[in-house]
Structures are given as C-alpha cells and as structure tokens.
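*Asks:* Before we start, here is the structure in question, set down as structure tokens.
The values are calculated or read from the model by the stated rules, or taken from the named source; none is laboratory data. Remember, predicted model here, so these are calculated numbers, not experimental data. Don't worry about glycine lacking a Cβ; one is built from the backbone with ideal geometry, like all the others, and counts go over all protein chains shown. Accessible surface is based on the protein model in full, side chains and every heavy atom, while ligands, DNA and RNA are left aside. Shrake-Rupley method; radii C 1.70, N 1.55, O 1.52, S 1.80 Å.
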Amino acid sequence: MSVKIVIGTQWGDEGKGKIVDLLSETADVVARYQGGANAGHTVEIGDRRFILHLLPAGILRPNTVCVIGNGVVVDPAALLHEIDMVRKEGIEIEGRLKISHNAHLIMPYHKKLDSLRERGANKIGTTGRGIGPAYIDKAQRVGIRIVDLLNRDYLEQRIRMNLTEKNQILARIYRSEELDVESIITEYQEFDRLIDPYVTDTSLFINTAISEGKRILLEGAQGTLLDLDHGTYPYVTSSNPISGGACVGLGIPPTCIDEIVGVSKAYFTRVGEGPFPTEETGGIGEELREHGDEFGATTGRPRRCGWFDAFAMRYSTLINGCTSLALTKLDVLGAFDTIPVCIGYKLEGRLLKSFPTAARILEQVEPVYQTHPGWKSDISQITRWEDLPVEARQYVRTISEMVQVPVSLLSVGPKRRQTIIVPEE
Ligand code: IMP
C-alpha cells in the first residue's frame, strides 16, 4: 500500500503540478480533494505546456486513473472544456476519469456573487471562479451536487429554490441584474449525459484501490497558508488544502496515509490580498517576478514576490506533517549576490514564538533575516546534486534544517528533466 499526499506549503503556486506529474509516473490513481477551477497546475512535457484547473495532473499519464473527490467544487462547463482541451492533445480520458457523486457544483450565481463581493472594501482578491459562494451553499445545505445532475426534475427544483433567494440578494443587496432561471435550468440539464460517464462513488473506488495495494497520489490545490482554518484568515480560500483535508475531501481514513510531500518554492509568492511579511515591493520583488515568470496560471495576475520565510514554513510543515519537501524554482535565485531567509518575526520589538495566522497581527510583524551567499550562476541545466554550486547545496541544507524536514527533490526549471534528487545526509 502507498498513499502519498502532495500539498502546497505556501500561498499556492508552489509548482505542485510539476511535482504531481513527476510522482504520477509510478502512481495508479491520482486524486484531487478540494478547491476547484481556482487552481492552475502547470505541467510542461517536451514543448507542450498544459495548465490544468480541475483535472488532476495525473491525467497526462496514460495508465493513471484520475479522481475528482467529493471535496472539490466542480464547474461543469470548465471541466468539459478542459476534457476537450486534453483530448485535442491526443490524451484519452475514457475510463480514466472518475468524479464523486457528492462533489458540489459551481453555479452561475456563485461566480456572479464572487465578483460582486469583491467590489467592496473587504476584497480578498479571489480568482472569481465562484469558489467561496459554492462552499457557502455546501455548508448552508442548499448546494447542488454532481449526483443532482442525473435527475432533471430534482435539479430543476433545486435551481429554482436557489435562484429565488439568490436573485433577491443580487437585486436588493448588490443592485445587480437578476439571473434568468430558465436558461440556467436548460444549461445545467444538458450536462447529465456529458458528465454521467464519469460519476461514481469515488470514496469506495479509492478505498478499494488502497486495499488492493495500488499506488495512490493525492493532489492538493492552493496552499497551507490559504487554508480556511489554518491560513492567514480572512485572506484564504474556502477549502482545506492541508494534508488533513485529503481524508475529508476523498472519504478515506487518516490511517491509510504513508507520505506527505510538501511543495515549496525556494522563495515566497502570493496572489491576491493579505499579509506577506517577507514581500519585496521594490526592485528585488520585480527581479524575482521577472526571473521566476511569476504570473498567475488561472488569472494571469502578477504575483507578489519575496524571500523564503522559514518561520512560516515551519508552521506549515508542522500542521501538514510533511515527511519530505520538494523545493522548486531554485534556479531563480541564481540572479542574486546574497539571499536572505526569514528565521523569525518580531512584534513590538519581541520575537514571536509561533506563527500568527490572524491577518491583522501578521500585517504588523517585522521579519528577522539570516543572509546566505548566492551562487550567481545558471543552474537550470544541472541534473545531479553533486554538480550544484556549493552555495546552492548549502542553501538547500539550511532550509531543511530550519524547517526540520528533509528536502528530497529540487526543481530547477519547468521541464521534467530539470529535476534533481537530493541524497540523504
Ligand atoms: P478563491 O479561492 O478564488 O476564493 O481566492 C481566495 C484567495 O486564494 C485569493 O487570494 C486567491 O488569489 C488565492 N488563490 C486561490 N486559488 C489559488 C491558486 O491556485 N494559487 C494561488 N492562489 C490562489
């Protein structure tokens, strides 16, 4: 048995797509457990570049079965569009994709409410994909699920019930145009025959696969610091990207998890609003953005960039129980003479003992840095640990020590071959 979770340890965009793609070479099943089309997992194979929003990155391996678990919120139009996109690239999906009957749907009113709520002063900087409003409906027990697509009468009834309320909110609170109930019913009723071939009890499927000794890879989306419960609230997403979320979002027991791989960039980035203690807003930030091509895979927004925050990372690896780390984009740091790493925070002159997740506190902290020598060279074509400049190896070992988790994999570019296995010390 082998069940491995891949999670993001920062604010998303850590390069999970590439790591899941690499690890899925030896996986029988790859499953997504939370989030929705807000994710943008980039995988480069040869000269082809795929950006996957809902399909697990394992879809690019012909022998892997992919699962969209109950914890995911599915935009059916976006999913069908993505299926079409990979099919056009010659990737066969038939029999390889399974969607949980219990996964909730993103409806047009979720997207509309998401964008309207973002107009006020309390903006989160969401991706506008309707994620928050869909999870609100799930928790409020008025959500519409994948299984509901398979019964047209019930679906119609649920849409009518929801729209009666949502249209009042749109008109009265947001002074916005109401949505047309009939066209939404027609649009969503059409999804039944398109989605039906993939719908199943995915919890049963994965539990059976586990008992048969299959190799399972669980793919987290977003990152730990965006976790609804453990992230930098309120500037978070509406699901649980941490490793603990995998069990809830797939219906599998915690006792089956063997490994937890944390994916982290060699520096930090963030998209959207919210505190970011090591952010560099001037020239250094721009240099990181330029060298790292830091623009959102889903929205194209420029990412905010800053130095590696070992204090936040220690928090993150702790609550995820990471057994190893994959450090990505190490090549980007080759541009700098020296590389600061944040080792702690000061608040009103005193060192903090633990990572404060409340945004209003995190906004006030002052990062304390330790400076490391840079290697000032292009390492993007190096494939062996021994061939890396000594300063780069030291940087990696220092990070391992600071966050108390071994770094086992390095990524020095987007391609599969731009990967280095780190030997144990
Ligand atoms: P939402 O998930 O669209 O509601 O957005 C909430 C916050 O999470 C915003 O700051 C987004 O920028 C951020 N976010 C959501 N998905 C991702 C992702 O895949 N990568 C990075 N940030 C994300």
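*Asks:* Taking the highest mean first, how do the peptides 330-338, 287-295, 131-139 order by number of other beta carbon atoms within 10 angstrom per residue?
*Replies:* Sorting 330-338, 287-295, 131-139 by mean packing, highest first, produces 131-139, 330-338, 287-295.
*Asks:* Can you list, largest first and rounded to whole Å, the semi-axes you get for region 226-326 by taking the square root of 5 times each eigenvalue of its Cα gyration tensor? Don't skip to the end; give the middle numbers.
*Replies:* Values: eigenvalues 150, 45, 32 Å².
Computed over region 226-326, the values are 27, 15, 13 Å.
*Asks:* Build a GNM of the chain with springs between Cα atoms under 10 Å: which of H41, H372, H110 gets the top mean-square fluctuation?
*Replies:* Between H41, H372, H110, it is H372 that shows the largest mean-square fluctuation.
*Asks:* Computed FRET efficiency, Cβ-Cβ of R152 and T299, R0 30 Å: what is it to the nearest 0.05?
*Replies:* 0.35
*Asks:* Measure off 7 Å from each Cα along the Cα-to-Cβ vector at A358 and V142, then give the distance between these two points in nanometres to one decimal.
*Replies:* The modelled label-to-label distance comes out at 3.2 nm.
*Asks:* Bin all alpha-carbon pair distances of region 354-425 at 10 Å intervals from 0 and give each bin's fraction as a whole percent.
*Replies:* With a bin width of 10 Å, the distribution comes to 17, 38, 26, 18, 1.
*Asks:* Would you list, by chain and number, the lysines whose Cα falls below 30 Å from the Cα of K18, excluding same-chain residues fewer than 8 positions away?
*Replies:* Of all the lysines, those that pass the test against K18 - Cα under 30 Å, at least 8 places apart if same chain - are K4, K88, K98, K111, K214, K265, K329, K376, K415.
*Asks:* Which whole number in µm²/s is D for region 18-99 by Stokes-Einstein, with the Kirkwood Rh taken over Cα pairs at 25 °C and 0.890 mPa s? Walk me through the intermediate numbers first.
*Replies:* Values: Rh = 12.6 Å.
In µm²/s, the coefficient rounds to 194.
*Asks:* Hey, what's the Kirkwood Rh for region 128-286 if you take every pair of different alpha carbons, in angstrom?
*Replies:* Evaluated over region 128-286, this radius sits at 19.3 Å.
*Asks:* How much length, in nm to one decimal, is gained on full extension between R384 and L204, taken as 0.36 nm per residue of separation minus their Cα-Cα distance?
*Replies:* Gain in length upon complete extension: 60.7 nm.
*Asks:* As an exercise, use a Förster radius of 30 Å and the Cβ-Cβ distance of K376 and R48 to find the FRET efficiency, rounded to the nearest 0.05.
*Replies:* FRET efficiency, K376 to R48: 0.40.
*Asks:* Let me have the relative contact order for the chain, percent, based on Cα pairs under 8 Å that are six or more residues apart.
*Replies:* Value for the chain: 20 percent.
*Asks:* How much mean residue ellipticity at 222 nm does the chain get from its helices, if each DSSP H run of length 4 or more adds -39500 (n - 2.57) and you divide by all residues, to the nearest 500 deg cm²/dmol?
*Replies:* Using -39500 (n - 2.57) per qualifying helix, the result is -9000 deg cm²/dmol.
*Asks:* Rounded to whole Å, give me the distance from the Cα center of region 30-90 to that of region 122-168.
*Replies:* So the separation of the two Cα centres works out to 22 Å.
*Asks:* Taking every Cα atom in region 25-67, find the radius of gyration and the maximum pairwise distance Dmax, and write them in Å.
*Replies:* Just the Cα atoms of region 25-67 yield Rg and Dmax of 10.5, 29 Å.
*Asks:* Sorting D192, D201 by accessible area (1.4 Å probe), largest first, what list results?
*Replies:* Result, largest first: D201, D192.
*Asks:* Also, quick follow-up: Counting DSSP beta bridges with both partners in the chain, what percentage is antiparallel, nearest 5?
*Replies:* 40 percent
*Asks:* Mind ranking 374-381, 144-151, 54-61, 412-419 by how tightly packed they are, going by the mean number of other C-beta atoms within 10 angstrom, highest first?
*Replies:* The most tightly packed comes first, giving 54-61, 144-151, 412-419, 374-381.
*Asks:* Taking a cut-off of 20 Å, what percent of all Cα-Cα pairs in region 197-283 are separated by more than that? Mind showing how you got there, number by number?
*Replies:* On the way: 1797 of 3741 pairs.
Counting pairs separated by more than 20 Å, the tail of P(r) holds 48 percent.
*Asks:* Still on this structure, please answer the following. Quick one: compute a quarter of the convex hull surface over the Cα atoms of region 1-144 and quote it in nm².
*Replies:* Across all orientations, region 1-144 yields a mean hull projection of 9.9 nm².
*Asks:* Please report, for the Cα atoms of region 263-421, the Rg to one decimal and the Dmax as a whole number; what are they, in angstrom?
*Replies:* Cα-based Rg and Dmax for region 263-421 come out at 15.4, 47 Å.
*Asks:* Here's something else I'd like to know. Does anyone have the angle between helix 202-211 and the longest principal axis of the chain? Alpha-carbon axes, 0 to 90°, nearest 10?
*Replies:* Here the helix axis deviates by roughly 50 degrees.
*Asks:* Alpha carbons only, please: Rg and Dmax for region 1-41, in angstrom.
*Replies:* Spelled out, the Cα radius of gyration and Dmax of region 1-41 are 10.8, 31 Å.
*Asks:* Mean shadow of the chain, computed from the convex hull of its alpha carbons, in nm²?
*Replies:* For the chain, the mean projected area of the Cα convex hull comes to 20.6 nm².
*Asks:* Still on this structure, I have one more. With r defined as the distance between the Cβ atoms of K88 and Q168 and R0 fixed at 30 Å, what FRET efficiency is calculated, to the nearest 0.05?
*Replies:* The value I calculate is 0.15.
*Asks:* Take the solvent-accessible surface of the protein heavy atoms, probe 1.4 Å, and return the percent of it on region 104-194 that carbon and sulfur atoms account for.
*Replies:* 48 percent
*Asks:* When the convex hull of the Cα atoms of region 104-194 is projected onto a plane and the area is averaged over all directions, what value comes out in nm²? Write out the running numbers ahead of the final one.
*Replies:* Numbers: hull surface 23.7 nm².
For the Cα atoms of region 104-194, the hull's average projected area reads 5.9 nm².
*Asks:* Rank-order 42-49, 67-74 by packing density, defined as the average count of other C-beta atoms within 10 Å over each peptide's residues, highest first. Please report the intermediate quantities before stating the final value.
*Replies:* Values: 42-49: 13.1, 67-74: 27.1.
Descending mean neighbour count gives 67-74, 42-49.
*Asks:* Please state, to two decimals, what the Cα-based radius of gyration of region 302-392 comes to when divided by 2.2 N^0.38 Å (N = residues).
*Replies:* Cα Rg divided by the expected 2.2 N^0.38 Å: 1.27.
*Asks:* Heavy atoms only, probe 1.4 Å: what % of the accessible area of region 263-421 goes to carbon and sulfur, would you let me know? Don't skip to the end; give the middle numbers.
*Replies:* Working: 3360 of 6910 Å².
For region 263-421, the apolar C and S fraction of the accessible surface comes to 49 percent.
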